[in-house]
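Okay, so here's the structure we're looking at.
The values are calculated or read from the model by the stated rules, or taken from the named source; none is laboratory data. For clarity, every value in this text was computed on a predicted model and none was experimentally measured. A quick note on method: Cβ atoms are made from the backbone with ideal geometry, for glycine too, and the neighbour counts reach across all protein chains shown. In case anyone asks, the SASA skips ligands and DNA or RNA and just uses the protein heavy atoms, side chains included. Shrake-Rupley method; radii C 1.70, N 1.55, O 1.52, S 1.80 Å.
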Amino acid sequence: MAMNKPHDDLTAQKPPRARVSDVIDTDDVADTAVAARERDYLDGFLHQKPAEGPAGGAGSDLQTAVVDALKEIFDPEIPVNIYDLGLIYGVDVDAECDATITMTLTTPHCPVAESMPGEVELRASSVPGIRDAEVNLVWDPPWSPEKMSDEARLELGML
């Protein structure tokens, strides 16, 4: 009976992203049918490089878009979104447009403990521009009502 071995390398590298600059230029191709293609009026536009700047990072448009997507997920027992409820501890978007969300639940025995992290990952990965999303579910520090935003407290009549 063969036993499954645990993965020795838990930090598997993500595949490299395809870049426009990796494409073969037709000037280098020996095929005359392809090489004979004349450049058109879009030549300057097609060779223009995109503006350099960080894709992710704190305060980036992608991070804001992920937070906005998470604000659309509501706790099934409390009529407040999970971000304002204080269940999201952090949203990080790196330079490769990968999102890492650190979150908790109100209790380990929460009825949505199995489905909520998956929904958070799905919503974050569906944001245009996000390549991959990962959810880290943590229990320390534990959630408490003090983590709720003022908007959530007002909604629940706690102010």
- Note on the structure: Extend 7 Å from the Cα of THR64 along its Cα-to-C-beta direction; within region 115-159, residues with backbone N under 18 Å of that point are 127-130
- Excluding ligands and nucleic acids, what accessible area in Å² is computed for LYS71 using a 1.4 Å probe, to the nearest 10? 80 Å²
- Starting from the Kirkwood radius over alpha-carbon pairs of region 75-159, derive D by Stokes-Einstein at 37 °C in a medium of 0.692 mPa s and give it in µm² s⁻¹. 242 µm²/s
- Message: Quick check: residue separation of ALA95 and LEU156 times 0.36 nm, minus the Cα distance between them. What number comes out in nm?
- Response: 18.2 nm
